[in-house]
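The values are calculated or read from the model by the stated rules, or taken from the named source; none is laboratory data. Everything quoted here is computed from the prediction, not taken from an experiment. FYI the Cβ positions are ideal-geometry reconstructions off the backbone, even for glycines, and counts take in every protein chain you see.
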Amino acid sequence: MKTLMIFVALLFSTAVAIDAADSSFTQADRDRMLRLEVRLEEGLKAINQKMDDGLKATNQIIDDLRGLIYVMISVTISGMFVLVGFILWDRRTTLAPVTKTTKELEARTDKLELAIKEKAEKDPELKEALRHAGLL
């Protein structure tokens, strides 16, 4: 914008220099040029105002989009935390019956092994079979 105003000022100064050399440049021409200059400045102000309004609107849109992106990122991260929490909860609830059953089976196996070892003390054939299996 400043460049345009400098160009217009140079144009007017050239017109004044021509006016001194050429006497056909009348007072009416000067008045017309002044009116043209005023209209040009008003037009430039209007254009500047429109550009400022456009930039403000663009900045507002960018700010709104930035807010939307923050919300989307927050929702995504929250969703991932909820999903991980659900997976951990589901895993514990799924494994609880399995671990309970496994402990019960281990206890029962220990009891059976103890009973078989006691019986093997009285039965030499069973004792030899357990020794061969590596249980004694």
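Being touching an Asp or Glu at 6+ places or on another chain (Cβ under 8 Å), of a type outside the set (Gly, Ala, Ser) and on the phi < 0 side of the Ramachandran plot: is that true of Lys127 here? It is true that Lys127 is touching an Asp or Glu at 6+ places or on another chain (Cβ under 8 Å), of a type outside the set (Gly, Ala, Ser) and on the phi < 0 side of the Ramachandran plot.
When segment 15-34 is limited to residues that are surrounded by fewer than 10 Cβ atoms within 10 Å (Cβ to Cβ) and in a loop (DSSP other than H, G, I, E, B), the one that is modelled with the highest pLDDT turns out to be Ser24. Of the residues making up segment 122-136, those that are among the charged types (D, E, K, R) and surrounded by 10 or more Cβ atoms within 10 Å (Cβ to Cβ) number 4.
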